[in-house]
1. Tell me, please, whether a residue that is over 19 Å from A:Asn9 (Cα atoms) and either in the same structural domain as A:Ile262 (by TED's automatic domain parsing) or near RNA strand B (Cβ under 9 Å from one of its atoms) (or both) can be found in segment A:38-51.
2. Out of everything in segment A:140-157 that is free of Cβ contacts under 8 Å to residues at least 60 places away in the same chain and among the polar types (S, T, N, Q), what residue ends up being surrounded by the most Cβ atoms within 10 Å (Cβ to Cβ)?
3. May I ask you to list the residues in segment A:487-518 that are touching a residue at least 12 places away in the same chain (Cβ under 8 Å), over 28 Å from A:Met238 (Cβ atoms) and assigned to a helix (DSSP H, G or I)?
4. How many residues are of a type outside the set (S, T, N, Q) and within 16 Å of RNA strand B (Cβ to nearest atom) when one looks only at segment A:155-178?
5. Could you list, in sequence order, the residues of segment A:552-564 that are in contact (Cβ under 8 Å) with a residue 40 or more places away in the chain and more than 8 Å from RNA strand B (Cβ to nearest atom)?
6. Hey, can you tell me all the residues within segment A:528-571 that are among the hydroxyl-bearing types (Ser, Thr, Tyr) and part of a loop (DSSP other than H, G, I, E, B)?
7. Mind checking which residues of segment A:444-486 are part of a loop (DSSP other than H, G, I, E, B), modelled with pLDDT of 90 or more and not hydrophobic (A, V, I, L, M, F, W, C)?
Amino acid sequence: MLKRTQRLNEIDDSLIGKTVIINGWVDRMRNLGGIVFLWIRDRYGLVQVVFDPQKPVYEYVKNLSNEYVVAVKGIVRERPKEAKNPNLESGNVEILAEELEILAESKTPPIYTNREEGNEEARLKYRYLDLRRSALQHNLIFRHRVAHLTREYMNSKDFLEIETPYLTKSTPEGARDFLVPSRLKKGSFYALPQSPQIFKQLLMISGFDRYYQIVRCFRDEDLRADRQPEFTQLDLEMSFADQSDVLEIVNGLVKKLYEKFIGIDLGEIPIMSYSEAMEKFGSDKPDLRFEMELQDLTNETFAHEMKFLTPSKGEALKSIRILRSETFSRKVLDSYANSAKSEGLRFGWVKNSNGDLSGSIAKIFKSAGVNLDLKNGEMMITCAGKRSSVNKFLGSVRLDAAKRLNLVDESSVKALWVVDFPMFEWNEEEKRYQAQHHPFTMPYVEDLDKYSSDPSKMRAHSYDLVINGWEMGSGSVRIHTKKLQEKIFKLIGISEKEAKARFGFFLEAFEYGAPPHAGFAMGFDRLIATMLGLSSLRDVIAFPKTTSGTDLMSDTPSKVSETQLEELGIKSEVDE
RNA sequence: GGGGAUGUGGUGCAGUUGGUUAGCAUGCCGGUCUGUCACACCGGUGGUCGCGAGUUCGAGCCUCGUCGUCCCCGCCA
């Protein structure tokens with residue numbers, strides 16, 4: 001075969017007059033009857049090849065079609081003045097073909113590879129063709145570069161990349177596990193790791209001191225645009241370290257990545273407590289690209305004159321201001337009212353229409369004689385009820401309103417740390433507390449005694465990195481004593497017996513000199529998507545799954561043979 | 001598990017109150033064309049309207065069911 005002497009990004013003025021060989025795909029053909037132009041594409045670029053009717057090779061160009069793989073030997077020449085294409089990287093030159101070799105033919109592709117259109121279904125079925133599109137090529141190349149620099153950074157900070165197993169032990173708590181049946185031990189199962197959590201902590205106990213891994217994690221839960229069943233984390237753990245050490249490492253990395261690849265200085269990344277985030281933004285992952293903070297009216301003097309909105313003891317009365325109310329139709333406000341009601345909240349809105357107050361609760365404010373200081377067109381949405389529900393509801397209103405008002409500057413990047421999450425949350429289904437982060441998280445030890453009657457008030461030494469309202473990663477200081485770990489298991493209703501069966505090896509490890517340690521895990525797919533301004537993880541993963549967890553290209557998951565099941569000692573109860 | 005959107009030539013879309021021959025663009029095939037760059041122009045091919053039932057004289061359109069894709073809630077330590 002004619003092997004390439006140049007990649008397509010290398011075809012430029014410096015090669016004028018030289019003979020080159022290029023390899024690539026036919027991106028487009030323009031046959032003008034006499035002269036024929038081809039665009040040849042590879043991963044690096046796009047170059048125009050000319051076929052002159054005077055040359056013998058001209059006879060063969062008619063056999064070509066889109067997506068054929070070809071080798072072209074020819075002379076690089078400057079294009080005629082009028083025929084230069086400034087939109088093309090190589091638009092100053094072209095290759096005059098002397099020889100052509102067809103390396104592979106192609107059927108007419110079922111989707112366009114040179115256009116940004118096509119529905120997801122067809123594109124996922126022919127993912128290998130979709131991946132030829134320059135946008136997806138760009139995303140995956142970008143991802144590679146970020147991974148590369150990430151490794152470089154972690155290495156420079158003396159972190160060791162150490163692999164951990166994929167065939168692991170199923171553990172309670174957290175997401176549903178993907179299970180893998182064991183053939184050698186019929187009736188038993190491995191689980192794919194939801195994260196390498198336990199292993200990286202064991203590596204700390206082994207003395208490796210600083211560990212990281214860019215690693216696949218698996219969670220068998222329903223999908224979203226920002227959630228895939230298998231996804232990649234930058235996982236890290238440090239010994240003799242606390243929260244500030246971890247934040248420093250991660251800050252350094254994120255700032256470096258944004259500076260190098262996006263050209264943005266993230267500046268000082270602020271730290272906000274979980275409770276502040278909830279009170280001000282109604283979210284544990286606030287989008288700080290716009291203001292619109294929640295206001296707490298609970299302690300205002302007029303709060304007890306608010307008729308049905310009056311907060312009873314322990315409840316909250318809060319509001320949010322919307323500057324341009326004209327985009328909020330009655331229908332939108334009704335839908336807010338309905339969702340508030342379904343959360344057991346009382347809801348009302350009031351706006352300034354040409355100097356007069358109107359809206360569902362205008363009368364209440366008027367009779368209470370409150371000066372709301374609303375400018376013309378400004379609206380206030382007010383909500384009363386259980387404090388945590390009020391925050392959550394107004395937080396969702398805040399996001400929805402920002403979307404409607406187009407308040408988000410898509411080119412800006414706002415990162416922050418949210419810290420001191422609650423250690424536990426109540427699981428209504430199982431009627432017990434469970435760890436909000438995970439059960440290996442170090443609690444505020446003083447909270448354990450202080451709030452022994454109300455575990456929901458205990459805080460954890462945990463921290464989330466949030467970028468543009470996306471949870472980018474989370475971490476915590478870990479428990480490193482058996483005694484405390486056992487205490488936590490007890491609090492979340494894991495019996496001593498169960499703890500021993502599930503985590504016995506882990507608890508035992510703590511008896512052999514476990515150093516204080518802390519760590520973090522960053523959602524790598526999300527980070528790439530955020531940096532590229534994409535909302536779907538599918539665009540940064542080469543072979544993603546659909547929202548129902550299938551792969552349309554390979555038709556996965558699929559049935560397996562009866563023999564395979566027998567070998568595993570498994571019988572399917574699903575009817576064919 | 002629930003809600004919403006969607007499914008029409010290979011691809012992207014239109015299709016009125018249910019009405020006779022399902023349009024448009026692009027691709028593909030053939031033709032003309034020696035400087036195009038999403039080449040242009042002329043001609044042509046291509047559709048079980050996701051699938052199944054029902055209502056009706058008549059269904060792409062209405063009803064019920066079902067399947068796929070996308071978005072959201074639940075869920076995701």
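The values are calculated or read from the model by the stated rules, or taken from the named source; none is laboratory data. What you see is a predicted model, and the numbers here were worked out from it, not measured in a lab. Positions of Cβ are generated from backbone atoms using ideal geometry, with glycine treated the same way; all protein chains shown enter the neighbour counts.
1. No.
2. Ranking the qualifying residues of segment A:140-157, first place goes to A:Asn155.
3. A:Glu498, the sole residue that qualifies.
4. Result for segment A:155-178: 10.
5. A:Met553
6. Scanning segment A:528-571 gives A:Ser535, A:Ser536, A:Thr546, A:Thr547, A:Ser548, A:Thr550, A:Ser554, A:Ser558, A:Ser561.
7. Residues satisfying the conditions are A:Tyr444, A:His461, A:Asn468, A:Gly469, A:His480, A:Thr481.
Let's see how each residue does on (1) at pLDDT below 95; (2) touching a Ser or Thr at 6+ places or on another chain (Cβ under 7 Å); (3) of a type in the set (Phe, Trp, Tyr):
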site	(1), (2), (3)
A:Ile75	no, yes, no
A:Glu98	no, no, no
A:Arg115	yes, no, no
A:Leu124	yes, yes, no
A:His144	no, no, no
